[in-house]
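Participant: Got a structure for you, written out below as C-alpha cells; questions coming shortly.
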Amino acid sequence: ADPDPVEDFCVAAPGAGASNASMAFPFLPCKPASTVVPDDFFFAGHARAASTDNPFGVGVTPGNVDAFPGLNTLGISINRVDLAPGGVNPLHSHPRSAELVHVEAGEMLVGFVSTDGKFYSKVVREGESFVIPRGMLHFQYNAGTAAARAMTVFNSQLPGVVIAAQSLFGADPEIPDAVLAKSFQVDGDTIKLLKSKFRNG
Ligand code: GLV
Ligand code: MN
C-alpha cells in the first residue's frame, strides 16, 4: 500500500521519526548511503517475546520503520505477537495495510469483519497463515492451554493501528458520554464503566 521506492534503499536517518513524514514526502529522510552498513538491514527485536503479563494477555513487538529504519521506502514491516492462554490481541484495524498472520507456535482464533458485516474466522495452527484485508477490524485469540506466537507481516512500512475499545473509550480528550451512549444504544452508566477501563491507561 505504500508508494514505490525510487532508490535501492533509503535507510531512515537516526532520529527521523514517523511524525516527520508528510503527505508530500511519505518516507523518512535517508541517512547518507556511504554510511549504510549491514546492520541497517538487520533487526533482532523479535528474538524474544514481549511480556503478556497484562489484562489482555498479549505482547506485541512492532517491527515497523520506527523500530527498523532499514524498512524505509520498502513497503513492508513485521510484528511479533505473543498470546498467553486465554489472551487476546484486542479488536483493531490497520488503516494503511493488509496483514498476513503466520502462526509459529500454538494456535490462534484469527478473525475479521468485512464492510458488509460478515465475520470471517479460522483457528490457525503452527505453520499456517491467515490474511486480514486492509482496514478490517480483526483480532487474534488464544483459546488453547499453551502460549501461542505469530509473526504478522504488512505491505506498509508503517501500517498504523486503531485499537477499537481504546479509541472509543480511552480517547483524549474523551468522546462525550451522550455520543457513545447513543451510538451503542446503551445508558450512560455503561459508557462510564467502559471508560473506567480504558481512560488513563
Ligand atoms: C496483529 O494483528 C498485529 O497487528 O500485529
Ligand atoms: Mn493487526
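Participant: Select from region 49-142 those GluC sites (Glu not before Pro) which occupy a DSSP coil region and have at most 12 other Cβ atoms within 10 Å, ordered by residue number. Don't jump to the answer; show the numbers that get you there.
Facilitator: Working: sites: Glu99, Glu104, Glu107, Glu126, Glu128; in loops: Glu126, Glu128.
Here no GluC sites (Glu not before Pro) fit, given the DSSP loop and packing criteria.
Participant: How long are the semi-axes of the ellipsoid equivalent to region 18-160, from square roots of 5 times the Cα gyration tensor eigenvalues, in whole Å, largest first? Numbers along the way, then the final one.
Facilitator: Working: eigenvalues 163, 69, 29 Å².
Semi-axes from the Cα gyration tensor: 29, 19, 12 Å.
Participant: Kindly provide the chymotrypsin sites (Phe, Trp or Tyr not before Pro) of region 36-137 that DSSP labels as loop, not H, G, I, E or B, and whose Cβ sees at most 13 other Cβ atoms within 10 Å. The partial results should precede the final answer.
Facilitator: On the way: sites: Phe41, Phe42, Phe43, Phe56, Phe112, Phe119, Tyr120, Phe130; in loops: Phe42, Phe43, Phe56.
Listed in order of number, the matching sites are Phe42.
Participant: Here is a follow-up. Averaging the inverse of every distinct alpha carbon separation and then flipping it gives the Kirkwood radius. What is it for region 161-201, in angstrom units? Walk me through the numbers on the way to the answer.
Facilitator: Details: mean 1/r = 0.0992 Å⁻¹.
Value: 10.1 Å, from the Cα pair sum.
Participant: Considering only the other residues whose Cβ falls under 14 Å of the Cβ of Cys10, what net charge follows from Lys and Arg at +1 and Asp and Glu at -1? Don't jump to the answer; show the numbers that get you there.
Facilitator: Working: positive: Lys31; negative: Asp2, Asp4, Glu7, Asp8, Asp40.
That sum, taken over residues with Cβ under 14 Å, equals -4.
Participant: What is the diffusion coefficient of region 9-86 in µm²/s, taking the Kirkwood radius over Cα pairs and the Stokes-Einstein relation at 20 °C with a viscosity of 1.002 mPa s? Don't jump to the answer; show the numbers that get you there.
Facilitator: Values: Rh = 13.9 Å.
For the chosen part, D equals 154 µm²/s.
Participant: Which of the trypsin sites (Lys or Arg not before Pro) across region 59-159 are loop residues per DSSP, with 13 or fewer other Cβ within 10 Å? Write out the running numbers ahead of the final one.
Facilitator: Working: sites: Arg80, Arg96, Lys118, Lys122, Arg125, Arg134, Arg149; in loops: Arg96, Lys118, Arg134.
Those satisfying the criteria are Lys118.
Read the figures in this text as sums done on the coordinates, not as results from a lab. Model, not experiment: these values are computed from the prediction. Note: ideal-geometry Cβ built from the backbone for every residue, glycine included; neighbour counts use all protein chains shown.
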